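J.: Below is the structure I would like to discuss, written out as structure tokens.
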Amino acid sequence: MMLGRAVSMVWRSSRRLAVAGVCLSTLEGVLPLVPLYLVKLLIDALDMSLGTGYVQFDGILLLVVMMGLATLLTATVKSVSSVVEQAQSMVVTDHMQDVLHRRSVEVDLAYYEDPRFHDSLHRAQEEAPYRPTAIVRDLVTTFRNSVSFLAMVGLLLSFHWSVSLVLAAAALPGLLVKLRFSRIKWRWRRDRTETERRSWYMHWLLTSVQHAKELRLFGLGDRFRARYRELRTLLREESMSIARRRARAEMATESLATVLVYGSLAFIAWRTFLGLITIGSMVMYFQAFRQGMGYLRGLLGNLADLYEGTLFLQNLFEFLDLRSEVATPEHPLAFPDPVIEGLFLEKVSFTYPGADSPAVRDASLSVRPGEMVALVGENGSGKTTLVKLVCRLYDPDSGVIRVDGVPLTGMDPRRLRSSISVLFQDYARYQLTAAENISMGDIGRRSEGDGMIRAAREAGIHELISGMPRGYDTVLGRWFPDGRELSEGEWQKIALARAFYRKARIVLLDEPTSSLDPRSEEELFRRFREIARDRISLVVSHRFSTVRMADRIAVMRGGAHRRDRIPRGVDEGRRHLQRDVQHTGRRIRLIRSILGRGRSLHGPDAVSAGAPGL
């Protein structure tokens, strides 16, 4: 089944190259018979000439010329076959990478929360680039060796039936050894996937720019290097142990094969001595037996490699066969346009895979069009998870999320997400041009310079981009030549511009001003009020300066929505804030940082206290 799927993928990647490969392999498999037969004719002609004393030089010269042409043809076919094989390998590799990329994008985000998924993904990433290509190569050489071997067997059968059986007996033990150790290697690789991933994680820590500062500041380089060496030494020693066991087994089978091969050659020589075959026939059978043995070993080796390849392809297909829980209904419902009533969450609960407790528990919330709701709460209270549920990156375990009464689970996830604009707190930093960074917010939208500039202005980043040497064509980041690195706040503004570029009915902002200075934050929300005046807006924040601009504050605690508050002015907000501070025993720190200086606020009680209860 695995082999059939692999062949199907090879066929779909390039039918013409597949057909060309089969034809050339057939020709390459038959051609070795021609020189063998011509050598037989040449030796017999020379032997006859020596016996009679009459030399037919023209005939001998013709045979030599024919041998040269056959050799040239064989070399030409081999060269063309090599080019076709290389082209096919590259096409198949690119096709498989595309399949892997497509599945990586389609698979549910929840899988990324499961360590077992990361093992599966790691194995798939290892196999996808070269395993299908290796299977293509093995299939081609298997076919070619099969044709050549059958041709040699047919020739040897004209000598004696037993010689063909000896060929099989000499090669079969080696095949069994290869099959056994292929499975041992496959099991070992699966069992050690986590160890392999840990070693690559150490490698990533040592080489990535994200950790470069702390590695130097805390002196972590030697520690991570030692851990990497420890893991790689363990993997290397176990791998070499398997290799040594395999080598000993192969030496034993090779000894048996040697006895059988040279016994068969002695049998051919003995029949020549008896005068049953000519000298030319003896040479031809000698060569046919030796080449046949080589083709059979190659064939059985190819079969063993194919077996190993199909075992390891399970790693790839295991990943490709992952079932999506966030599925498209058979008859999807349309997203309401325009949105009249708003967004409603009704007793929504969700638990991450492998987690013991829910991240969101019985949360209910409503947001009307034109309303800006601030979602606040302590770290881990479920705010970001709630945003992901609204985006339908996950489906709730219980409860329902609706827009104008239409449940999100009844919609096509792609169509739904095209109606949502979102900024996550772990926003992406694309090492591409400024224009590409912003326009990725809506790739289905026809490229509009004015719209992109408008989004950049709304995010407060237009002036910076315009001042760059190449303007919006400037590459951001330092991965590629002529790139311009940005500060944390500037990158966040780029991400905001990307979110604003999409003309979505729902706008979700998760910590949108965490890296912005107070002035930029105030300007942003002044502009955002204008942008979102007819949209559903949900903003996650810890900052008092942010949430006091909201129409309503929704407080999350322990994964549940506890209460709403409506800001009615700074003075009243201060009174409620002071009450909650006293209640929680954090009066001095929060009063000084929030009431006295207007700094960022952390914690659901302090934020929710910025407004009176309903």
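The values are calculated or read from the model by the stated rules, or taken from the named source; none is laboratory data. Given the structure is predicted, the values throughout are model-derived calculations rather than measurements. Counting neighbours? That spans all protein chains shown, and the Cβs are built from the backbone with ideal geometry, glycine included.
J.: Just to be sure, is residue 343 at pLDDT 90 or above and buried (at least 18 other Cβ atoms within 10 Å of the Cβ)?
T.: yes
J.: Additional query: Could you tell me whether residue 360 is among the β-branched types (Val, Ile, Thr) and within 29 Å of residue 330 (Cβ to Cβ)?
T.: Judged against the criteria, residue 360 is a match.
J.: Let me ask another. Condition first: in contact with a strand residue (DSSP E or B) (Cβ under 9 Å, 6 or more places away or on another chain), surrounded by fewer than 18 Cβ atoms within 10 Å (Cβ to Cβ) and closer than 19 Å to residue 512 by Cβ. Can you find one or more residues in the range 401-409 that meet it?
T.: no
J.: Follow-up. Return the residues of the range 346-358 that are in contact with a strand residue (DSSP E or B) (Cβ under 9 Å, 6 or more places away or on another chain) and either buried (at least 23 other Cβ atoms within 10 Å of the Cβ) or within 10 Å of residue 558 (Cβ to Cβ) (or both); say none if nothing qualifies.
T.: 348, 350, 358
J.: Let me ask something else. Given the criteria farther than 20 Å from residue 461 by Cα and aromatic (Phe, Trp, Tyr), does residue 544 qualify?
T.: So residue 544 passes the test.
J.: Right, next: When you look at residue 187, is it charged (D, E, K, R), within 30 Å of residue 247 (Cβ to Cβ) and surrounded by 13 or more Cβ atoms within 10 Å (Cβ to Cβ), yes or no?
T.: no
J.: Sticking with this one: Any idea which residue in the range 21-56 is modelled with the lowest pLDDT, counting only those that are farther than 23 Å from residue 146 by Cα and out of contact with any helix residue (DSSP H, G or I) (no Cβ under 9 Å at 6 or more places or on another chain)?
T.: For the range 21-56, the residue satisfying everything is 53.
J.: Counting only residues that are touching a residue at least 12 places away in the same chain (Cβ under 8 Å) and not hydrophobic (A, V, I, L, M, F, W, C), which one in the range 141-161 is nearest to residue 37 (Cα to Cα)?
T.: 148
J.: Does the range 455-473 contain at least one residue that is of a type in the set (D, E, K, R), within 32 Å of the chain's Cα centre (by Cα) and more than 20 Å from residue 528 (Cβ to Cβ)?
T.: Yes, the conditions are met somewhere in the range 455-473.
J.: Limited to the range 437-448, what total is found for residues that are of a type outside the set (A, V, I, L, M) and in contact (Cβ under 8 Å) with a residue 12 or more places away in the chain?
T.: Looking only at that region, the number is 6.
J.: Given the condition among the β-branched types (Val, Ile, Thr), crowded, with 17+ Cβ neighbours inside 10 Å, touching a residue at least 40 places away in the same chain (Cβ under 8 Å) and outside any helix (DSSP H, G or I), answer yes or no: does some residue in the range 106-115 qualify?
T.: yes
J.: Do any residues in the range 206-235 that are closer than 15 Å to residue 196 by Cα and assigned to a loop (DSSP other than H, G, I, E, B) have Cβ atoms under 9 Å from those of residues that are of a type in the set (S, T, N, Q) and modelled with pLDDT of 90 or more, where the two are at least six apart or on different chains, and which pairs are they?
T.: Within 9 Å, no pair qualifies.
J.: Does the range 525-537 contain at least one residue that is part of a loop (DSSP other than H, G, I, E, B), small (Gly, Ala, Ser), under 23 Å from residue 380 (Cβ atoms) and more than 29 Å from the chain's Cα centre (by Cα)?
T.: Scanning the range 525-537 turns up no residue that is part of a loop (DSSP other than H, G, I, E, B), small (Gly, Ala, Ser), under 23 Å from residue 380 (Cβ atoms) and more than 29 Å from the chain's Cα centre (by Cα).
J.: Taking interchain pairs and intrachain pairs at least six residues apart, which have beta carbon atoms under 8 angstrom, with the first residue in the range 358-372 and touching a residue at least 12 places away in the same chain (Cβ under 8 Å) and in a strand (DSSP E or B) and the second polar (S, T, N, Q) and surrounded by 18 or more Cβ atoms within 10 Å (Cβ to Cβ)?
T.: Between residues of the range 358-372 that are touching a residue at least 12 places away in the same chain (Cβ under 8 Å) and in a strand (DSSP E or B) and residues that are polar (S, T, N, Q) and surrounded by 18 or more Cβ atoms within 10 Å (Cβ to Cβ), the close pairs are 360/349; 360/385; 361/349; 362/349; 363/349; 367/537; 372/537.
Table: residues versus (1) aromatic (Phe, Trp, Tyr); (2) part of a helix (DSSP H, G or I); (3) modelled with pLDDT under 85; (4) farther than 30 Å from residue 239 by Cβ.
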| site | (1), (2), (3), (4) |
| --- | --- |
| 150 | no, yes, yes, yes |
| 169 | no, yes, yes, yes |
| 172 | no, yes, yes, no |
| 180 | no, yes, no, no |
| 189 | no, yes, no, no |
| 197 | no, yes, no, no |
| 202 | no, yes, no, no |
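J.: Here is a further query. Which residues, taken from the range 287-317, are charged (D, E, K, R) and more than 21 Å from residue 254 (Cβ to Cβ)?
T.: Answer for the range 287-317, where residues must be charged (D, E, K, R) and more than 21 Å from residue 254 (Cβ to Cβ): there is none.
J.: Please count how many residues of the range 210-232 are modelled with pLDDT of 90 or more and surrounded by 14 or more Cβ atoms within 10 Å (Cβ to Cβ).
T.: Summing the residues that are modelled with pLDDT of 90 or more and surrounded by 14 or more Cβ atoms within 10 Å (Cβ to Cβ) in the range 210-232 gives 6.
J.: Among 142, 133, 93, which is the only one that is hydroxyl-bearing (Ser, Thr, Tyr) and at pLDDT below 75?
T.: 133
J.: It is to be established whether one or more residues within the range 416-436 are without any contact (Cβ under 8 Å) to a residue 24 or more places away in the chain, surrounded by fewer than 17 Cβ atoms within 10 Å (Cβ to Cβ), in contact with a Ser or Thr (Cβ under 7 Å, 6 or more places away or on another chain) and not in a helix (DSSP H, G or I).
T.: The answer is no, given that none of the residues of the range 416-436 is without any contact (Cβ under 8 Å) to a residue 24 or more places away in the chain, surrounded by fewer than 17 Cβ atoms within 10 Å (Cβ to Cβ), in contact with a Ser or Thr (Cβ under 7 Å, 6 or more places away or on another chain) and not in a helix (DSSP H, G or I).
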